[in-house]
Amino acid sequence: MGHILDERQMQVSVAGKDARTIDCNKVSLAGSVSQRACVFCGSRVVLYPIADALHLIHGPIGCAAYTWDIRGSLSSGPELHRLSFSTDLQERDVIFGGETKLYNAALELIRKHNPKAAFIYTTCIVGVIGDDVERACRMLQDETGIPVIPVQAPGFQGSKKDGYKVACEAIFKLVGTKQKSIPAKSINILGDFNLAGELWILLDYYRKMGVHVNATITGDGRVDDICNAHSAALNVVQCSGSMNYLAKLMKDKYGVPSMRVSYFGIEDMSDALYDVARFFKDDEMMAKARQLVKDEVSRLIPELAWYKAQLTGKKAAIYVGGAFKAISLVKALRLIGVQSVIVGSQTGTPEDYELIKKLCDEGTIIVDDSNPVELSHFVKEKQADIFIGGVKERPIAHKIGLGFCDHNHERKEPLAGYEGMINFAKEIYATAMSPVWKFTKTSPSPSKGGDVR
Ligand code: SF4
């Protein structure tokens, strides 16, 4: 495979043909132009959905390009998280230091916006010039009386995954700082970022089951709820790549157990509800969960059967941030007759990739921390009809002349839960079957929707 750099050969595997464990969990290879983002971006996507906090980026203005809208997390209340603030460091600050500028900017913003907490993100240049951001945050906290939390995230320190860890450490500084009485059967939802309002669908399911949701970390997040997150009986963790570490910190210090779930696709969504009911050993809760699943699934099956009939024979390429999401997508696509021929992630673990290998059909390409050259080659080689990914995968798909489904940053329709499954089927159908692919250079497989030229 000439399009794969020698040093990356072990990060690609083929299901059913390759017995070795995929090499992963490592820094990206210099020069490979990885699809991964930097440490700062990783921390920012996790923390920004805390809607009543101030988020200030200490660095040059370019880093602030990672604004709210690269992952449009919705809020049911305050929307301070949608404002992007930067200290806009200039040459003079780099030479003489930017601490005073940071202190003055943060103080002015806190006084103006009255947030419940402030997160101060450090970027590459701050890591180089060595501003004492911890000290500035302590002074700001003393002055304003709100938690002012440094997020030590210089981009060069590692990968996006390291940014997740930094964000978990920042959140953990809030956990346990307030005590509020909550019902015994309470959970925290970790790792749902409320894209297109998905969290609200989940809240409705849990409410119907009689489960109290304490803190949502961090979609539609609130500082006070996070401060009291240690009071919940269970952490239910989706997007485990970003939130497993926080769950571990909370288990070690406060004894809060956790479980890993996914809310994508019928099977995983139903398991998530059943697992929570099983955890509380509550027969009534389990009966409500069963009824909910029965009602939703009986509504969905006829609709999904129609999509399956139309889409059978189509092939999909999946490249997403977390491998757990990739696993759910493989199952959800199978439900509508679509075969996954490429499955990759930015942050998967060896266990995740082993699971993907077992789940996928023989010949599926499985890849860790990929880049545009590899992905383009794989898509052409496997003749995928549709690419499912995030904002950085869209141009790859469109340059090849392939339909694209955004399952991450830019979507406006919820794809989680049962109604999310229908939205997903609709989107895959509308994209893969569009007649426009008849006119693209690299047309998909010669089934309905696009002839090969
Ligand atoms: S790599 Fe460094 S300079 Fe680039 S966005 Fe990330 S923190 Fe900013």
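The values are calculated or read from the model by the stated rules, or taken from the named source; none is laboratory data. The shown structure was predicted, so the numbers you read here are calculated from the model rather than taken from an experiment. Positions of Cβ are generated from backbone atoms using ideal geometry, with glycine treated the same way; all protein chains shown enter the neighbour counts.
The number of residues in region 293-322 that are assigned to a helix (DSSP H, G or I), polar (S, T, N, Q) and either at pLDDT below 95 or surrounded by fewer than 16 Cβ atoms within 10 Å (Cβ to Cβ) (or both) comes to 1. Within region 43-62, residues that are more than 16 Å from Leu74 (Cα to Cα) reach partners that are more than 14 Å from the ligand (Cβ to nearest atom) and assigned to a strand (DSSP E or B) with beta carbons closer than 6 Å, at six or more positions or on different chains, in the pairs Leu56/Phe85. For Val12, the stated conditions do not hold, so it cannot be described as over 21 Å from Ile149 (Cβ atoms), over 15 Å from the mean Cα position of the chain (by Cα) and within 15 Å of the ligand (Cβ to nearest atom). Right, Val126: within 16 Å of the ligand (Cβ to nearest atom), at pLDDT 95 or above, farther than 17 Å from Met243 by Cβ and outside any strand (DSSP E or B) or not? Against the criterion (within 16 Å of the ligand (Cβ to nearest atom), at pLDDT 95 or above, farther than 17 Å from Met243 by Cβ and outside any strand (DSSP E or B)), Val126 qualifies.
Phe119 passes every criterion in (1) within 14 Å of the ligand (Cβ to nearest atom); (2) closer than 30 Å to Asp406 by Cβ; (3) at pLDDT 95 or above apart from (1). Scanning region 143-169 for residues that are among the polar types (S, T, N, Q), modelled with pLDDT under 95 and in a helix (DSSP H, G or I) gives a single hit, Gln157. Inspection of region 64-77 finds a residue satisfying the criterion of being in a loop (DSSP other than H, G, I, E, B), among the polar types (S, T, N, Q), out of contact with any Gly (no Cβ under 8 Å at 6 or more places or on another chain) and more than 28 Å from Gly344 (Cβ to Cβ). Restricting Gly191, Gly210 to residues that are surrounded by fewer than 24 Cβ atoms within 10 Å (Cβ to Cβ) and in contact (Cβ under 8 Å) with a residue 12 or more places away in the chain narrows the list to Gly210. (1) part of a helix (DSSP H, G or I); (2) closer than 24 Å to Gly191 by Cβ; (3) at pLDDT 95 or above: which one isn't true of Lys325, the others all being true? Condition not satisfied by Lys325: (3). The single condition among (1) of a type outside the set (Val, Ile, Thr); (2) touching a Cys at 6+ places or on another chain (Cβ under 6 Å); (3) without any contact (Cβ under 8 Å) to a residue 12 or more places away in the chain that Asp6 does not meet is (2). Hydrophobic (A, V, I, L, M, F, W, C), touching an Asp or Glu at 6+ places or on another chain (Cβ under 7 Å) and assigned to a helix (DSSP H, G or I), is that true of Leu140? No. Going by the structure shown, is Leu109 of a type in the set (A, V, I, L, M, F, W, C) and either in contact with a helix residue (DSSP H, G or I) (Cβ under 9 Å, 6 or more places away or on another chain) or within 16 Å of the ligand (Cβ to nearest atom) (or both)? Taking the combined requirement at face value, the residue does not satisfy it. Considering only residues in region 15-66 that are away from the ligand (no atom under 16 Å from the Cβ), at pLDDT 95 or above and of a type in the set (A, V, I, L, M), the one that is surrounded by the most Cβ atoms within 10 Å (Cβ to Cβ) turns out to be Ile50.
Close Cβ contacts (under 6 Å, 6 or more residues apart or on different chains) running from residues in region 143-165 that are farther than 23 Å from Val237 by Cα to residues that are among the small types (Gly, Ala, Ser) and more than 11 Å from the ligand (Cβ to nearest atom) comprise Ile146/Ala117; Pro147/Ala117; Val148/Ala118; Ile149/Ala170. Total residues in region 106-131 satisfying the condition of being out of contact with any Pro (no Cβ under 9 Å at 6 or more places or on another chain) and buried (at least 20 other Cβ atoms within 10 Å of the Cβ): the figure is 3.
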